[in-house]
Each structure stands twice: as structure tokens, then as C-alpha cells.
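The values are calculated or read from the model by the stated rules, or taken from the named source; none is laboratory data. The structure displayed is predicted, hence computed values, not measured ones. Cβ sites come from the backbone with ideal geometry, for glycine too, and all protein chains shown count toward neighbours.
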Amino acid sequence: MHGKTAGIFAAGDYLPSRMPDAPATEQYWTDRNGSRLCYAEYGEPGGKPFFYFHGWPSSRLQAAIMDEEAKRLGLRIISPDRPGMGRSDFVGKRTLAEWPEVVEGLADHLGISSFPVLGVSGGGPYALACAAWLPARVDRVSVVCGAPPLGEFSDHSDLLWVYRLMLKVRDSAPWLLEKVMGLAGAMSYLPTNRPPMSWLLKSIPPEDRDAVMSAGGYETFFGNLRESVSQGGKGPVADADVYLDDWALDFSSIRVPVIFWHGALDRNIPLRMAKEVASRVPAVETRWLENEGHYSLPLRQMRPILEDLAGC
């Protein structure tokens, strides 16, 4: 690892790099192994940069929900697809420890020396990995509704029922998961007022349902699902395995400031898990919000999340 340690968004830490003929939502960088990583940019092109790590199953396009607010704050969002999801090349089985090297390579490509990172839901572990293994480059981290190291929790009874079902399928018939992911992408085209999508929406808390069904929220959510499985289900399945495998991450070694955001009404990832993970991080701030769920929190709290991350 290399790069200088600096305060958040220090002068000279970023260089505009957008190619004039490349769509902002589909740009590519090739790593040293020849694998292509697709990324999108949102917010202010010449603004202060940060990296956004999408949820699961999702894609680089998820960061679009922050575009307007990022422009207002003068922030530049760099949002990569993880391998095998969206348009990034599939690279087989991965470990969490491999991600910081990918991020560092992309940052070098873009001429960015130091930067904050923001991970939402399934992107949370990847944000923490950068905090642990890129301390000279990452100066601030936000984990929003972050996924925990599921392999360390014996009690999964209060996880979202879909997650519990997938855990059972993974244990008994892992080959089915890729087909399930492909089916989920196809189902996302169905209308919301008819089964099975109407059943799905009724199964989530009112706060989340209202947020997802708000202007553009539904299509944003399911459009990202479709993009996530555009290459098939093997990429999202490999990504899901990372959450269950040993993270090999020493939380107590993290010295980068980390902010945890989590809703008490989160039915995807219970608050108790987020609190347990946060308790292991030394330089931690917590934002436990009583009236927010898994989807409502990033949608409704977008401004304070970004202001916290940027030190505004």
C-alpha cells in the first residue's frame, strides 16, 4: 500500500479524470490481472471525491440516489461494480481482503491520493476493509445499514426471511442460488400491485415500503437488482459468500474514524448485529435511528450522511 496520509479532502488529493466520450455511468479500469472493473461517477465532476460501495444485490448505479445532494455539497462520487456484478468482470471466489487493493488501483488510476468511503448494506464490509487495510489512503468511513460478518453470528432468526432462505439453500443446494438470482432479476419487471411483488412489498416495514415506493424509489431499487444480475447469478452469489466467510479483519486495528448508521426498524439486518460490530471498532461514532428501516434510512437521511462523511 502506498500514498500519503492527509486530512479529509486535502488540496491536491483529487484530479478530474472523466473522459469526454465515456458515459459517466459506464467507465472502465483494467487491473494488473487483466480484469475490467466498471464504475460510475455522480455528483460534481471536479468536486471532492469519495468512493461508494453498493449493496447486495445491487450495482454501481445505486449511487444515483445521491447525485443531486452530492452536487449541492460539491462532492464527486466514484461508484464501482464489484467483480461479477453489473459490468465488472467475474473473477471467481473472492475474499474481503482483496477489495482494498482493487480500490487503491482505481484511486491511482483516477489520480486520487486520499479519500473517504461510504458502504451501504452489503457495501458496509467493503468499507470496513478499506478502513483496516488502506489506512494511508482512507481518511473517513461511513457504514450505512451495513452487513455484519454473518459467519460469526449463530443466531440468524431475525434476519430478513429471504436471507434466511438463501442461507438454507446455500447449505443444501448451492448450485440453485445462481438460478434464484436470475429469477429475481426477471421478477423485478413484474407490476407492484400484483403477486408476487405485492406480497414482497407487504412483507417489509411501512417505513421501508413508503421509501421504496416514493418517487423513483421502486425503479431505482429493482433497476439496480436487474443490473446486478446482468451477467447472471454467479457474481452476486460469489459476493454473498464473502459475507459468510471469515473476513480475517481485526476490527480493533482500525484507526480511521468510522460512522455507523443503522435503523431500529431494519428488518434486513437487525440493529443488534450492527451494534456488536460497532463495539469492536475503536474510533467509532454511531447513529442509531429509531424510526428508520433498511431502505428508508439511506433515502431519507441522505443529506446528513453525506455531510458527516465530508466533515461539513
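Some points to look at:
Residue-by-condition table, conditions (1) more than 21 Å from Y295 (Cα to Cα); (2) of a type outside the set (S, T, N, Q):
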{"residue": "P57", "(1), (2)": "no, yes"}
{"residue": "K71", "(1), (2)": "yes, yes"}
{"residue": "L75", "(1), (2)": "yes, yes"}
{"residue": "S79", "(1), (2)": "no, no"}
{"residue": "H109", "(1), (2)": "yes, yes"}
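- Among the residues of region 62-83, those that are out of contact with any Ser or Thr (no Cβ under 6 Å at 6 or more places or on another chain), under 24 Å from V242 (Cβ atoms) and modelled with pLDDT of 95 or more comprise I77, I78, S79, P80, R82, P83.
- Cβ-Cβ under 7 Å pairs, at least 6 apart or on other chains, region 23-42 side without any contact (Cβ under 8 Å) to a residue 60 or more places away in the chain and under 18 Å from Q231 (Cα atoms), far side β-branched (V, I, T) and surrounded by fewer than 17 Cβ atoms within 10 Å (Cβ to Cβ): R36/T30
- Residue in region 191-212 that is closer than 30 Å to F115 by Cα and surrounded by fewer than 19 Cβ atoms within 10 Å (Cβ to Cβ) present: no
- Filter pass, A147 being closer than 18 Å to V256 by Cβ, touching a residue at least 12 places away in the same chain (Cβ under 8 Å) and not charged (D, E, K, R): no
Rundown of residues vs (1) at positive phi; (2) modelled with pLDDT under 95, yes/no style:
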site: G3; (1), (2): yes, yes
site: I8; (1), (2): no, yes
site: G12; (1), (2): yes, yes
site: P16; (1), (2): no, yes
site: P23; (1), (2): no, yes
site: R32; (1), (2): no, yes
site: M85; (1), (2): no, no
site: G92; (1), (2): yes, yes
site: P116; (1), (2): no, no
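- Scanning region 28-76 for residues that are of a type outside the set (S, T, Y), within 24 Å of D108 (Cβ to Cβ) and in a loop (DSSP other than H, G, I, E, B) gives D31, R32, N33, G34, E44, P45, G46, G47, H54, G74.
- Residues satisfying the stated conditions in region 229-283, i.e. of a type in the set (D, E, K, R), touching an Asp or Glu at 6+ places or on another chain (Cβ under 9 Å), within 23 Å of W161 (Cβ to Cβ) and surrounded by fewer than 21 Cβ atoms within 10 Å (Cβ to Cβ): R267, R272, E276
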